[in-house]
Amino acid sequence: MTDKSTNFEKMTFLQMLKQHPIEIPMIQRDYAQGRESQKTLFLNFLKALKIAVCESPIELDFVYGDIKNEKFHPLDGQQRLTTLFLLHWYAAACSKSPKDNAKILFGFTYCTRISSRSFCEQILKNIEEYKPSKLSPAEWIEDQSWFRAAWKKDPTVSGMISALNSIQKNFEDINEELWDKLNKDTEPAISFHKTILDSIGLSDDLYIKMNARGKALSPFENLKAQVDRKIEKEQWEKEDTPHADKFNHLIDTEWTNLIWKSFGKEKFDQSFIRVFANIAVYAIINDAENEYPDSNGNLSIKKEDSIKKEDIVRPLIKDSTNLSIEHITWKVYDMLCRIFRGLCQLNEKQLAVDGFNWFEMPASRDGKTISIFECIGEPTITPTIQQRLLCFAIYEYAQKNHENIIEEKYHIWLRFVRNIIQNSNIDSLPRFISAARFIHKMAEGCDDIYSFIDQSTYEDREFASAVKREKKKAEMISADRDFMKILHDLEDTEFCYGNLTFPFNYISSITDLSDQKVRLKHVLNTINMHFPGGITDLHRCALLTVGDGCYYKYWFSPSQCSATGGEKYCLLEDTEYLRNYISHDKLLNSFSAYFDLLKTQTPDQLIAAFDHSDKEHWRYKLIKDPALLEKSEKKYFTFSNGKCYLIPGYWVHDNDKGKSKLIEVGTCMPDER
């Protein structure tokens, strides 16, 4: 039976934000009210809101949701709340104190996409810059240096921008008084009923158990009771199974000790079900029931079955308390037991993987970095896709090797998975599922992953490039174990971040192993000496002195600056940007030549020694005056009519105002364009 308790509370949008921040969860669909297809309905809604503000108040029915980590997560009402956020942003922007009035609006955020969250943050941070005028919000937003053109591809962002335009058209005649009208606590113009849902679902043969104080059992306790009943009903445990190996004993002893030591008493139930659900997600993804051999002979899964897994997994990622008895099949139960058994055998140091370089992927709690395992169970943290995948790697090694943990092999396996995750585009649920299946397949050799991939014929298109580099590394270590330390040290630098494309290219013409080591050590020393801060303007200018100076021609397809009609280039936005494009021959050759020069010279010396017959040439001027590059935040530039121009941000509008923002640098030659 199901017991649902509801609590209705009439309030305004601002009153809700004063109670709890509002976070649109990842599971929710994109903001749709601003779309062209919804235009008629949306305009009617805005008209109703305008009447409410100017004439008679309106109640917008119910907004349903849960409180998670002190934040309100709407399950129904997301569209209305987003429209109210945008209306309040416009009202604050038009008020006498935009910055002060906007402070409370920072409590509204999106978790669906990073771009949606960043967009909301930026329009709030820069609200004082907006001046109500003939310029539409869309024109103002898209003209800002902080606005990224790629955000237009986010349906939520594009919907918000369109909605702001409609809001301006409908409310501009009362914009100066709008904030005060919306900020009334008594007889508010626009209100709704906030409803907190707290539901507990149990099977028909179970009842709600109450503790001594009359409180209903937690979701975890309910699930534990249901699993125990299902084990008995389905006879998953044999009659002669020792008591110490039975589920109801393990979960109340060894498994409880694991969670208790990691998360403490106060967070115990919440942490336990979060860890439990994460293992279940991994088990569900790798339930082999619907696998079939693909054209390469590898086990794959049909598209329709993959979509079904997405539908099952999505709610569990959104909220671990969505884990129900229906999710616990025999295969899921079996993997749960094996993984928990392995985790319980790891000591505290092994579970935390002390001393391992995860890059920036772990999270922080109270200002301190916590382990990947803790990221999953900590109630105040929403685990990222990368953190879940890394934890899956820990699960696999623990369950397969818990009786004989060899720290070096353990760390090498985690390094392999870390490198794949760091250098693959895992930004959606389908790709997350593919990555989890890939980890499960590779885990067959997790006790000696280098030997395994050296002999493996398994292929996966999504991770092919990263795996190819790992195989190359494994081959080198197999030929000479001395390569291991230097290659691992290179991987751990911010310059490489698990991607050895450049170091491998730098030694590609050398066959002698000793000479390869010498060159690799030079790469490592150069990175440590000259790149502690990553790619800086000093390097951007110094690279312009190398060879023909055209290292910027690394895009696989040209991009055009609409304001000039010429091609657009980038002098490397940052180190991560470099890693994304390092496989291009132009960058590989330029950096190889640059690293050769850095054997005997510094970047400053290269810049000082550079000369050009044309002192007005753009490269000469940029090289000799690095301060010029500071005027271009993202390091983009373009050519037009024999001249080079820096672009302040990513782009400028194709109009007189946009063109006026271009920063003239100097002359250019035809072959440089």
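The values are calculated or read from the model by the stated rules, or taken from the named source; none is laboratory data. What you are looking at is a predicted structure, and each value in this text was computed from that prediction instead of being measured. Don't worry about glycine lacking a Cβ; one is built from the backbone with ideal geometry, like all the others, and counts go over all protein chains shown. With ligands, DNA and RNA removed, areas are computed over all heavy atoms of the protein, side chains included. Shrake-Rupley method; radii C 1.70, N 1.55, O 1.52, S 1.80 Å.
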Query - Relative pair counts by distance (%), Cα atoms of region 440-565, 5 Å bins - result: 2, 8, 15, 18, 17, 14, 11, 7, 4, 2, 1, 0
Query - Computed [θ] at 222 nm, deg cm²/dmol, the chain (DSSP H ≥ 4; -39,500 (n - 2.57); rounded to nearest 500) - result: -14500 deg cm²/dmol
Query raised in the report: Stretch residue 149-residue 479 to full length: gain in nm at 0.36 nm per residue minus the Cα-Cα span?
Result: 114.1 nm
Query raised in the report: Given charges of +1 on the Cβ of Lys and Arg and -1 on the Cβ of Asp and Glu, with all other atoms neutral, how large is the dipole of region 489-633 about its Cα centre, in debye to the nearest 20?
Result: 260
Query raised in the report: When ligands, DNA and RNA are left out and all protein chains stay put, how many square angstrom of accessible area per residue does the chain have with a 1.4 Å probe?
Result: 47
Requested in this report: Provide the three semi-axes, in whole Å and in decreasing order, of the ellipsoid equivalent to region 560-620 as defined by the square roots of 5 times the Cα gyration tensor eigenvalues.
Outcome: 24, 21, 10
Report task. Just the Kirkwood number for region 520-673, please: inverse of mean 1/r across all distinct Cα pairs, in Å, one decimal. Result -> 16.0
Query - For the chain, share of DSSP beta bridges that run antiparallel, in % to the nearest 5 - result: 75
**Report entry** Descending semi-axes in whole angstrom, ellipsoid equivalent of region 134-173, from the Cα gyration tensor
**Finding:** 19, 13, 5
Query raised in the report: If you put +1 on each Lys and Arg Cβ and -1 on each Asp and Glu Cβ, how big is the dipole of region 372-502 around its Cα centre, in Debye rounded to 20?
Result: 400
Query raised in the report: If you average the sequence gap of Cα pairs under 8 Å that are 6 or more apart and divide by the length of the chain, what percent do you get for the contact order?
Result: 10
Query raised in the report: How big is the convex hull of the Cα atoms of region 144-197, per residue, in Å³?
Result: 164
**Report entry** C-alpha center-to-center spacing [region 585-660, region 109-181] in angstrom
**Finding:** 33
Query raised in the report: What percent does the relative contact order of region 400-494 come to when contacts are Cα pairs within less than 8 Å and at least six residues apart?
Result: 28
Query raised in the report: For region 375-462, what is the Kirkwood hydrodynamic radius in Å, using each pair of distinct C-alpha atoms?
Result: 13.6
Report summary line: Of every Cα-Cα pair in region 15-142, the percentage lying beyond 21 Å is 44
**Report entry** region 633-673: proportion of alpha-carbon pairs further apart than 14 angstrom, %
**Finding:** 45
Report summary line: Any helix of the chain counts here only if DSSP assigns it H throughout, its Cα atoms span 15 Å or more along the axis, and its mean Kyte-Doolittle hydropathy is at least 0.0, and such helices are 39-54, 78-94, 114-125, 155-171, 268-285, 330-345, 429-442, 585-597
Report summary line: Mean projected area, convex hull of alpha-carbon positions in region 225-283, reported to one decimal in nm², is 4.5
Query - Principal axis dimensions, the chain - Cα atoms, whole angstrom, descending - result: 89, 78, 46
Query raised in the report: Given 346, 379, 357, which one lies farthest toward the positive end of the charge dipole of region 339-387, if we put +1 on the Cβ of every Lys and Arg and -1 on the Cβ of every Asp and Glu?
Result: 346
Report summary line: Nearest-0.05 FRET efficiency for residue 260 and residue 521 at R0 = 51 Å, using Cβ-Cβ distance, is 0.65
Query raised in the report: What trypsin sites (Lys or Arg not before Pro) in region 34-75 are in a loop by DSSP, with at most 16 other Cβ atoms within 10 Å of the Cβ?
Result: 35
**Report entry** Rg ratio (alpha-carbon, reference 2.2 N^0.38 Å) - region 83-140
**Finding:** 1.09
Query raised in the report: Longest exposed-loop-site-free stretch of the chain, with chymotrypsin sites (Phe, Trp or Tyr not before Pro), DSSP loop and at most 12 other Cβ within 10 Å?
Result: 208-555
Report task. Calculate what fraction, in whole %, of the accessible area of the chain sits on carbon and sulfur atoms when a 1.4 Å probe is rolled over the protein chains. Result -> 46
Query raised in the report: Based on the Cα atoms of region 55-120, what semi-axes does the equivalent ellipsoid have, where each is the square root of 5 times one gyration tensor eigenvalue, given in whole Å with the largest first?
Result: 21, 18, 11
